[in-house]
Amino acid sequence: MRNILLAAAFIAASAMLSSTACAHAHLEAAQPPINGTVKDAPTELDLKFSEELNLKFTGVNVTGPDKKQVKTDGDMLMDGDKTFMVDLPAGLAAGTYKVEWHALSRDGHKTHGDYKFTVKP
């Protein structure tokens, strides 16, 4: 009976460790907010993820209301490497912006997605 309990405990611990090791970096929140509207043009984009990121393989493309790519600068990680921050140019025009992101978590898993936000003074 004791061997069965030990085997069950080992299997349970292995399952927990493997699910933790196989986690992906999912976008949890963003500023400007996901599908939200802001009054003031943002000067930075903050993307908060569920896992630590690898900065070298994490990035964004921002497209403006005119369908042209918005120049971004200053990529960096914050908050224990779970928040990706990038500077946006001052004075973004009113309209809807699309953010396409890609991320590589520290454990090597790639994720990507997109969302929109609107600047409406």
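None of the figures in this text is laboratory data; all of them are computed from the coordinates on show. What you are looking at is a predicted structure, and each value in this text was computed from that prediction instead of being measured. Don't worry about glycine lacking a Cβ; one is built from the backbone with ideal geometry, like all the others, and counts go over all protein chains shown.
Remarks
- Working from label points 7 Å from Cα in the Cα-to-Cβ sense, the T118 to H24 distance is 2.9 nm.
- Potential lengthening between D40 and K71 on full extension [0.36 nm per residue; Cα-Cα distance subtracted]: 9.3 nm
- Rg/Rg_ref, segment 25-119, where Rg_ref = 2.2 N^0.38 Å and atoms are Cα: 1.02
- Relative to the Cα centre, the charge distribution of segment 25-119, modelled as +1 at Lys and Arg Cβ and -1 at Asp and Glu Cβ, gives a dipole magnitude of about 360 debye.
- Computed FRET value (nearest 0.05) for K48 with K110, which takes r as the C-beta separation and R₀ as 22 Å: 0.80
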